[in-house]
Every structure is written in C-alpha cells, then in structure tokens.
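Worksheet: one structure, shown below.
Values in this text are rule-based calculations from the coordinates and carry no lab data. Only a predicted model underlies this, so the values are computations on that prediction, with no experimental measurement involved. When we count neighbours, we look across all protein chains shown, and the Cβ atoms used for this are built from the backbone with ideal geometry, even at glycine.
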C-alpha cells in the first residue's frame with residue numbers, strides 16, 4: 001500500500017535537499033518521479049526547487065486552484081510514476097492534501113510532502129495542519145538552535161533585527177530575516193510580555 005509521508009521542520013533544515021536526494025534515488029533506479037513546488041515561491045525562479053547546497057531541479061507548480069490529482073492522473077497516461085514529491089507543502093490547501101491521500105490510496109503512488117510545520121507566530125499552516133492529520137507517517141527533519149537544542153520554531157525579524165510578531169503569514173524570500181530557534185528561546189523573544197506577566201503575577 002502506498003503511503004503519504006509528511007517531512008516537516010523549521011526553516012533551513014534541508015527539506016529541499018532531502019527531497020531532491022529522494023527523487024534522485026528513485027530515478028537512479030529507473031523509476032519516474034513527479035515534483036511539485038509552490039507557485040508563490042519564486043526565490044530561485046518559478047517552478048524551481050533549489051537547495052542551499054546548490055542542488056536544483058525543475059518542478060510542476062501548484063497554487064490554490066491546482067487540481068493535483070487530475071494532473072497526476074493525466075501524467076500517468078504518458079509515463080509510469082513511482083513517486084510524487086511536494087516541496088513547500090505548507091502552502092497546500094485542505095482539498096489538495098486530501099487529493100494526495102487519494103493518489104496514495106487509489107493510484108497506489110507514494111507521496112512525499114516536505115514543508116514547514118508552523119509560521120513565525122507558532123501557528124500551523126493550512127497544508128501542514130491537514131498533513132499532520134492525514135499522513136501515514138510523520139518525519140521531523142531536525143536543525144539546531146543557537147543554544148544547541150533542537151530548533152523547531154521560526155522567528156521573523158525586520159531589516160534592523162527587531163522581532164516581528166504580527167503580519168502576513170507568508171513572506172517569500174529574505175531568509176536573513178528569519179532565525180530558527182528552540183521553543184524556549186522563541187518564547188523569550190516572540191512573547192516577552194507573557195513572561196513578564198507571569199513574573200508579575202507570581203510576585204503579587
């Protein structure tokens with residue numbers, strides 16, 4: 001039975017690198033893959049999956065209107081697909097995540113989805129929320145906080161390094177404006193007022 005996998009992490013944990021390596025492993029054995037990435041992520045050109053270590057590959061793009069199931073079904077008439085790989089999977093919508101489940105269950109093609117779990121406000125992305133609910137297997141890709149602990153949070157800052165706590169959920173580009181942190185240091189920087197309130201309350 002084909003499975004739906006969700007590989008999640010904070011930023012800069014090597015998601016794109018892992019995806020491209022997985023695709024290469026299939027192709028090295030003569031197995032066809034189909035790659036997707038979000039249309040709104042144009043950091044390396046629209047429809048291009050690129051890793052920080054220099055690997056890159058062209059991919060199909062998806063936006064809110066993309067019918068992934070229909071596109072994969074159409075592609076199957078041209079070639080035999082052995083795996084579907086999705087980069088920036090946090091930008092999928094609910095319907096598209098359900099389509100990935102159908103691809104696994106009815107078309108019997110495994111799907112590997114890679115994405116962020118939460119945004120800079122520690123809120124789940126839509127795609128990630130539904131992948132966490134529907135995926136057969138959840139795998140965390142780890143990276144390290146400045147303190148040496150596992151980094152699981154994404155802190156957004158402005159051009160002066162000041163912490164941003166409000167704004168649009170998605171801001172493409174500007175990786176230098178994000179810092180990956182463990183929960184402890186994220187909470188200290190992103191929600192300092194909460195910490196002060198607790199301290200004040202304990203002193204009353």
Some residue of region 89-103 being touching a residue at least 12 places away in the same chain (Cβ under 8 Å) and exposed (fewer than 13 other Cβ atoms within 10 Å of the Cβ) = no
ask   = Which of the residues belonging to region 32-79 are in a loop (DSSP other than H, G, I, E, B), over 17 Å from residue 18 (Cβ atoms), touching a residue at least 40 places away in the same chain (Cβ under 8 Å) and touching a helix residue (DSSP H, G or I) at 6+ places or on another chain (Cβ under 9 Å)?
value = 40, 43
inquiry  = Please verify whether residue 21 is out of contact with any strand residue (DSSP E or B) (no Cβ under 7 Å at 6 or more places or on another chain) and outside any strand (DSSP E or B), treating the condition exactly as stated.
reply    = yes
